[in-house]
Amino acid sequence: KTNKEMVLLNGDVCHIGGFVIVQDAQTLTCMFVARMEEIFQRVGSTAHYSGKPDGVLVWQVDLTRDPLVYRMPFVSLLRWWSVVNALLCTVNTQHNYIPKLTVYQERRRTEQTQPVVQHMNNPKSRLLNTAQMRDAMYLQKFRISLEDLDFDTIIHLSAIDELHRKRTAVEEAVLSEGSQSTTGKSA
């Protein structure tokens, strides 16, 4: 007998096609991410009578590729399948897409954007959302480490950015005053 969903010990509801963190039954310290493919019960088994699965068929994923834009690992399906019992939690995966489209008006690029969901290159391309807080104790193992930032460099770059903003604001004010004075003289 196969099922469409199951409830984990932490209360998460897992659906076929969803992604989960699996604990390796042999080592108990090794965890991996996989996609649930099938939940099965043997009719008449102890698990069947207690409403639990006899096993779950999962498709293991590779998380080694790093998209520099999001700093979250790509989810790539491997050719490894496993039958497991120890599912720790569900994880959130998201499509790898850029969520806005530049808008052109009169052939000029504007800062206005239009919300669009487009999976241009590979609609199956997904990222593991390591920013989710639920079940972080399991999920953070798969997080891509960020490089430490140098305090002096941060202060220096922030000061340059602030000066640039002030200079831009002054230039815009001068341009605005100039356009107002020319429109007032034409009357």
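The values are calculated or read from the model by the stated rules, or taken from the named source; none is laboratory data. In this text the structure is predicted, and so the values were computed from the model without any measurement. In this analysis, Cβ positions are derived from the backbone assuming ideal geometry, glycine residues included, and neighbour counts consider all displayed protein chains. When the accessible area is computed, the model is the full protein with side chains, heavy atoms only, and any ligands, DNA or RNA have been set aside. Shrake-Rupley method; radii C 1.70, N 1.55, O 1.52, S 1.80 Å.
If the segment from residue 92 to residue 167 were pulled out straight at 0.36 nm per residue, it would be longer than the present Cα-Cα gap by 22.7 nm.
Label sites at residue 49 and residue 156, each approximated as a point 7 angstrom past Cα along Cα to Cβ, lie 7.3 nm apart.
Show me 147-155, 130-138 ranked by packing, highest mean number of other Cβ atoms within 10 Å first. Don't skip to the answer; put the middle values down first.
Values: 147-155: 8.3, 130-138: 13.1.
Going from most to least packed, we get 130-138, 147-155.
Residue 167 contributes about 150 Å² of solvent-accessible surface, heavy atoms of the protein only, 1.4 Å probe.
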